[in-house]
Amino acid sequence: MRTISRLTAAAALASALAVPVAADAAVTPPKAPPTAKGYGGAAATVDPYATQAAIDVLRRGGNAIDATVAAAGVLGVVEPYSSGVGGGGFMVIRRRNGQVTTIDGREFAPAAYTDRSLLEPATGEPLDFDAAVTSGLGVGVPGSLATWQRALRRYGTRSLRAMLRPGIRVASRGFVVDKTLQSQTEENAERFADFPATAATYLPGGAPIRAGSTLRNPDLARTYRLLARRGARAFYTGPLARDIVRAVRQPPVRSGATRIVRPGVMTRADLAAYRTVRRAPTRTRFRGATVQGMAPPSSGGSTVAEALNIIEAFGPPARRLSTELYRYLEASKLAVADRGKYLGDPAFVKVPLRCLTSQAFASVRARLIGATALPTPVAPGSCPVATATTTAGGHEGQNTTHLTVADRFGNVVAYTLTIEQTGGSAITVPGRGFLLNNELTDFTFTPGTANSPAARKRPRSSIAPTIVTRRGRPVVALGSPGGSTIITTVLQTLVNRFDRRLSRPASIAAPRASQRNGPATDVEPAFARLPAAARLLARGEVFSQDYPSFPDIGAATGIDFKRRGRLVAAAEPVRRGGGSAMVVSKRRPRR
């Protein structure tokens, strides 16, 4: 029961976050290592500013949902190429009463979209992928603001106004740029330079922002203030919606640019029509625990569940690491093959979710795994449903972001949000301070598949926020960015935790491999150096260390729930520059 009004809570939180610093001084980066152990609540994100925002909310009595929205708002400032109000995401929530629910905040296609929207008009061939990314045509109707509003209204205790204040503060006063953001800016400098509003923020003086410098985004601060005053409605209607539509339909390209930027077809009616969807989570049993994740249009929950079921079909965990990893890689091939055939937006295709997540189906698939590696691509299995067939491949962007939060009341949130590619479409809405997504490039460009484009359809995703419980109590919550590698990162991290018995920090830090039913398994250099790797190669596995521009696979965060209320929060120690974790208190509270 709420014992104070939202206005009182908002005032209290504002006071708590109002650190007295000079108006022209950047917010000092909090000190937050990648692992934290303690009590009373915890948070783990890729960035210390966001982690600190979440912990501040928890310490002032807010719950995990409140803290998640506060952290997400900050990430939109400090991780602008991976998240923000111009994108969307999926949130899995374990409520204090033990119920697990999800919010689908995935972007959808405008009403004018057809199954030929991503084809060349003259030839009927699929558009060049890079051209589709940097365009208005790839921009889906954003869902993040609607997700934040719905989460707070249904499950939170604070207002959107209060939870946007940390982001307003960081956007207006500035934050210290890290090496990861500098590197990402350099990689996108050519694209960003073609859009004056993007260049003004991220290419000051014509050069990429530098690590150690202060980055301010006053336009985004003003946008957040507008949303704080008027709520999510101000994003989907009115002047802000007008500006979004104008940027999509008439991409604001600089004079003299040679880049051809295709216009989109989004309208203000599309924005006004956006709604989040409350979905039942996917569910399976693994090693005596209940694993719950995100249902379609995300393929994350079902594909992780199927692969876990295949692994468990072999019986107890393997004693040899090479055998455990072999089962993990082969199970990934099979589950991803089934993902490719069956997964899409359930409002448009019939997804055989019960079949895909059943132990019976997994047992049949597991029988295909023998002494040597299955040749790829593996054919999908047979579930009793008539559906179109799509390809297993895709171009999902890598720079999504994930945060995990728990509070002292028993609420837990795993939330993955994204604008797709690093920097999304590269289009910043002029005067508004945020980048627009390119999520519609997650569709299969060709017609006739489960994931082909259609009006108001949500493209398939690999996002896999996951909460694991045992006898109704939380055990693990986790998730990761990484495009199509999200599924394998979450899967491998769960195998590390439950079969290899690694701690939360160790299960995240362990070297990764990602097999997605392709000709070779993408491996991190450290994985290739494992003694077990030679045994995998001897069994026919093929490794590739040419993972384009990404020596790291994923960037996970998670929380383990121990006895007597003890929490272990962990983020990446090194990948993507390292993340941060914090707890409310290092000491157990007195009864």
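The values are calculated or read from the model by the stated rules, or taken from the named source; none is laboratory data. As the structure is a computational prediction, the values presented were derived from the model and not from experiment. Quick reminder, even Gly has a Cβ in these numbers, built from the backbone with ideal geometry, and neighbours come from all protein chains shown. Please note that ligands, DNA and RNA were not included when accessible areas were found on the heavy atoms of the full protein model with its side chains. Shrake-Rupley method; radii C 1.70, N 1.55, O 1.52, S 1.80 Å.
Projecting the Cα atoms of Ile559, Gly156, Gly344 onto the dipole axis of the chain, where Lys and Arg carry +1 and Asp and Glu carry -1 at the beta carbon, places Gly156 farthest toward the positive end.
Per the 1.4 Å probe, what fraction of the accessible area of segment 375-518, in percent, lies on carbon and sulfur atoms?
Details: 1890 of 3700 Å².
Answer for segment 375-518 is 51 percent, counting heavy atoms of protein chains only.
Using C-alpha pairs below 8 Å separated by at least 6 residues, the relative contact order for the chain is 24 percent.
Charge dipole of segment 232-362 (Cα centre as origin; +1 on each Lys and Arg Cβ, -1 on each Asp and Glu Cβ, all else neutral): 400 debye, rounded to the nearest 20.
How many percent of the alpha carbon pairs in segment 504-568 exceed a separation of 18 Å? Each step should come with its number before you reach the end.
Numbers: 966 of 2080 pairs.
Pairs farther apart than 18 Å: 46 percent.
Here the mean projected area of the convex hull built on the C-alpha positions of the chain is 25.1 nm². Accessible area per residue for segment 217-297, computed on protein heavy atoms with a 1.4 Å probe, is 46 Å².
Between the alpha-carbon centres of segment 219-276 and segment 284-299 there is a gap of 35 Å.
To the nearest 10, the accessible area of Ser183 is 50 Å² with a 1.4 Å probe.
Note on exposure: Thr214, Thr521 ranked by accessible area (1.4 Å probe, complete protein assembly) read Thr214, Thr521, with the most exposed listed first. Name the lysines eligible as straight-distance cross-link partners of Lys333: C-alpha to C-alpha under 21 Å, and not fewer than 8 places from it in the same chain. Cross-link targets: Lys341. Farthest towards the positive end of the charge dipole of segment 239-352, among the residues Val277, Gly256, Ile311, is the Cα of Gly256, using unit charges on the Cβ of Lys, Arg, Asp and Glu.
Taking every protein chain into account, the accessible area of segment 46-89 amounts to 12 square angstrom per residue (probe 1.4 Å).
For segment 108-181, what % of the accessible area comes from carbon and sulfur atoms, probe 1.4 Å? Using a 1.4 Å probe with all protein chains present, segment 108-181 comes out at 47 percent carbon and sulfur.
Distances over 16 Å make up what percent of all Cα-Cα pairs in segment 104-186? Kindly include the intermediate steps, with their values, before the conclusion.
On the way: 2455 of 3403 pairs.
The share of Cα pairs beyond 16 Å in segment 104-186 comes to 72 percent.
Cross-link partners for Lys457 among the aspartates and glutamates, with Cα-Cα distance under 12 Å and sequence neighbours closer than 8 places in the same chain left out: Glu107, Asp115, Asp270, Asp345, Glu439, Asp442. Within segment 315-468, the percentage of alpha carbon pairs spaced more than 25 angstrom apart rounds to 46%.
For segment 159-256, the relative contact order works out to 37 percent when only alpha carbon pairs closer than 8 Å and six or more residues apart are counted.
Based on the alpha-carbon gyration tensor of segment 183-339 and its eigenvalue square roots a ≥ b ≥ c, which shape applies: rounded if a/c is under 1.5, prolate if not and a/b is larger than b/c, or oblate?
On the way: a/c = 2.58, a/b = 1.82, b/c = 1.42.
Judged from the Cα gyration tensor, segment 183-339 comes out prolate (a/c at least 1.5, a/b above b/c).
When the solvent-accessible surface of protein heavy atoms is calculated with a 1.4 angstrom probe, in what order do Val85, Val364 fall, highest first? Let's see the in-between values first.
Working: Val85 0, Val364 75 Å².
Accessible-area ranking of Val85, Val364, largest first: Val364, Val85.
Between Arg285 and Arg587, the modelled label-to-label distance comes to 4.3 nm, taking each label 7 Å out from Cα in the direction of the beta carbon. Rounded to whole Å, give me the distance from the Cα center of segment 62-91 to that of segment 433-452. Cα centroid of segment 62-91 versus Cα centroid of segment 433-452: 21 Å apart. Summing Cβ point charges (Lys, Arg +1; Asp, Glu -1) relative to the Cα centre of segment 118-195 gives a dipole of roughly 1280 debye.
For a straight C-alpha distance cut-off of 17 angstrom, the lysines reachable from Lys31 (same-chain residues fewer than eight places away being disregarded) are Lys179, Lys586.
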